[in-house]
Each structure stands twice: as C-alpha cells, then as structure tokens.
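K.L.:
Sharing a structure, written as structure tokens. Questions coming.
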Amino acid sequence: MDIDVFPNGRLVCGDVAVRCALGATGVTRSKREGDKATPAGRFPLRRVLFRPDRIAPPATALPADPIGPQDGWCDAPADPQYNRPVSLPYPASHERLWREDHVYDIVVILGYNDAPPVAGKGSAIFMHVARPGYAPTEGCVALALPDLETVLARCGPGDSIRIHVAGAGS
C-alpha cells in the first residue's frame, strides 16, 4: 500500500485522509541538507521507533523498536555515519531521538537517501508526531498522534510513502 502525501498538507492512506505538516519550505525534487524541504518521491517505510516511557508499541505490521536516551541520527554530511542511527554521545552533528517534546514519541524511518546515503542530499527524513498547530517540519511529514497510529495500523513490510509536488497529481 502507498501512503500519498500532497503539498497542501493532506495525507491519504486507503480510505483515511488526514492533515499533515510538511517542511517549512515545501516539497522539492532537489532535497539538500538543511533546506527545510520535504523530498518528493516514493520511499519505503523502513521501521518504526517509539518512546516506550510515553507510548505503547504501536499496532503495526512494520518492524517496531523502542528508543532510549542514547539514540540519535547523524546529520553531518562529511561523517561516515551520515543519515544513519548513532549512539550518543556522538562526535559529529546529530539529532537526538529521545526528546523533551513529543515529536519523536513515534518515528517512522523513511527510506530516503539511505541506500547508500549521498552526502548533503538530506538526512533524518521521518514521519513523526506533529507539533501543536501543525507547525512546519525541517523536512519530515508530521501527523497528529492518533492519525499516525491509525495510519501505522494499516502499514506493513513493502509499503511506501509517496510525496507529491505541486502540479504532479496533487
């Protein structure tokens, strides 16, 4: 099954259509590290990470693993672990997955720029929990927690997310 994401902030998964937040600068076909854009294209849903002190394991057929305070994601283009999970502390620039806010209480790892990663093409592109008011993301797709749980319950191995650009079937 494909999850379709449209540049107007709508996500459609089968018969479910929900609001989502996208990158602050919109959707792009030419994603670059730090551009705050959501990359256009079709990307596999790799796995789900969740914060076990806040969220029960989500109901999904995707692989799901708990995260801990030591979990991070490298976003330094020159680092050999670029766009890969890392253990903290980590010497290069990285995102901390164990956050004070609730944005990464559930994180779906998208297969963007990971086979293999290309330096500078963008990292840490996830589907995760939206901030209050659906504030724009740094390039991810973000949904309200109940909507994310509903979508994940329909997902399994082999499923993907298809992020559309304006004028391309949106």
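K.L.:
If you check R54, R46, R96, which single one turns out to be within 15 Å of the chain's Cα centre (by Cα), among the basic types (K, R) and over 24 Å from G9 (Cβ atoms)? Walk me through it before giving the result.
P.N.:
Working: R54 fails: within 15 Å of the chain's Cα centre (by Cα); R46 fails: over 24 Å from G9 (Cβ atoms).
Only one candidate passes the filter, namely R96.
K.L.:
Limited to region 72-118, what total is found for residues that are closer than 22 Å to R32 by Cβ, assigned to a loop (DSSP other than H, G, I, E, B) and among the acidic types (D, E)?
P.N.:
Total satisfying the criteria: 3.
K.L.:
Let me ask something else. (1) surrounded by fewer than 18 Cβ atoms within 10 Å (Cβ to Cβ); (2) under 18 Å from C155 (Cβ atoms); (3) in contact with a Pro (Cβ under 7 Å, 6 or more places away or on another chain): which one isn't true of P52, the others all being true?
P.N.:
(2)
K.L.:
Also, quick follow-up: Free of Cβ contacts under 8 Å to residues at least 12 places away in the same chain and not in a loop (DSSP other than H, G, I, E, B), is that true of P146?
P.N.:
Considered against the rule, which asks whether it is free of Cβ contacts under 8 Å to residues at least 12 places away in the same chain and not in a loop (DSSP other than H, G, I, E, B), P146 comes out as yes.
K.L.:
Looking only at region 102-123, which residues are of a type in the set (G, A, S) and crowded, with 24+ Cβ neighbours inside 10 Å?
P.N.:
Correct list: G122, S123.
K.L.:
A further question follows. Restricting to region 1-17, count the residues that are modelled with pLDDT of 95 or more, within 16 Å of the chain's Cα centre (by Cα) and either farther than 22 Å from H102 by Cα or among the hydrophobic types (A, V, I, L, M, F, W, C) (or both).
P.N.:
Summing the residues that are modelled with pLDDT of 95 or more, within 16 Å of the chain's Cα centre (by Cα) and either farther than 22 Å from H102 by Cα or among the hydrophobic types (A, V, I, L, M, F, W, C) (or both) in region 1-17 gives 8.
The values are calculated or read from the model by the stated rules, or taken from the named source; none is laboratory data. Since this is a predicted model, take the numbers as computed values, not measurements. Note that we place each Cβ from the backbone using ideal geometry, even for glycine, and neighbour counts take in every protein chain shown.
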